[in-house]
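In what follows, a structure is listed as structure tokens, so that the remarks can point back to it.
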Amino acid sequence: DFARLGQAVATVLGKTPEDFDTAYRANLAEQSRELVDDSTFAQAVITFARKRQKDAAWTGNTQDFLKELVEPGEPNTFSPKDDSWPKSPRWASTRLGELAPALASEKIIVERLPRENNRRPWKIYAIE
């Protein structure tokens, strides 16, 4: 287990296991922030979700989600012009799954719902 090894190394180096745990959690939080900050798609998901609280969560498949994110004429929509933007609904589904833990640190909930008719719906919303 990585945490146990890290705690053991910290002890050998004259630190406490808690020092390792604190540094490790800080490192994970920084990685999450960088992942979100460096992704246009993640920023679009955050903007989209912050318009919705849990009682007004968006639910649907990734094809519909991508259409809503780039709806022309709507405020706060995004243009998919960089490498972080999914080029297909399948890729969007993969990216949502990868980004979900990092988005949770931004108080954005991305839930994968049970499959329906060969499609995987998602539920997306912000929490206070």
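The values are calculated or read from the model by the stated rules, or taken from the named source; none is laboratory data. The structure presented is a predicted model; accordingly, all values stated were derived computationally and were not measured. Here Cβ is always computed from backbone atoms with ideal geometry, including for glycine, and neighbour counts include all displayed protein chains. Accessible surface is based on the protein model in full, side chains and every heavy atom, while ligands, DNA and RNA are left aside. Shrake-Rupley method; radii C 1.70, N 1.55, O 1.52, S 1.80 Å.
Report yes if Trp85 is open to solvent by less than 80 Å² (accessible area, probe 1.4 Å), touching a strand residue (DSSP E or B) at 6+ places or on another chain (Cβ under 9 Å) and either more than 30 Å from Asp1 (Cα to Cα) or not basic (Lys, Arg) (or both), otherwise no. So Trp85 does not fit the description; no. Only one of the numbered conditions (1) under 18 Å from the mean Cα position of the chain (by Cα); (2) loosely packed, with under 11 Cβ neighbours inside 10 Å is violated by Ala49, and that is (2). Contact map, segment 41-57: first residue within 19 Å of Ala102 (Cβ to Cβ) and among the small types (Gly, Ala, Ser), second residue at pLDDT below 90 and assigned to a helix (DSSP H, G or I), Cβ cut-off under 6 Å, separation 6 or more or different chains; pairs are Ala42/Val36; Ala44/Leu69. Restricted to segment 37-46, and to residues there that are assigned to a helix (DSSP H, G or I) and under 16 Å from Pro86 (Cβ atoms), the residue that is most open to solvent (accessible area, probe 1.4 Å) is Gln43.
Looking across segment 72-128, the residues that are farther than 30 Å from Asn27 by Cα, among the polar types (S, T, N, Q) and modelled with pLDDT under 80 come down to Asn76, Thr77, Ser79. Applying the condition of being basic (Lys, Arg) and outside any strand (DSSP E or B) to segment 94-128 and asking which residue is surrounded by the most Cβ atoms within 10 Å (Cβ to Cβ) yields Arg95.
Tell me, which residue of segment 26-36 that is of a type outside the set (Asp, Glu) and under 19 Å from Ile108 (Cα atoms) is surrounded by the most Cβ atoms within 10 Å (Cβ to Cβ)? Result: Val36. Quick check, is Val45 at pLDDT below 80, among the hydrophobic types (A, V, I, L, M, F, W, C) and farther than 30 Å from Phe2 by Cα? The answer is no for Val45.
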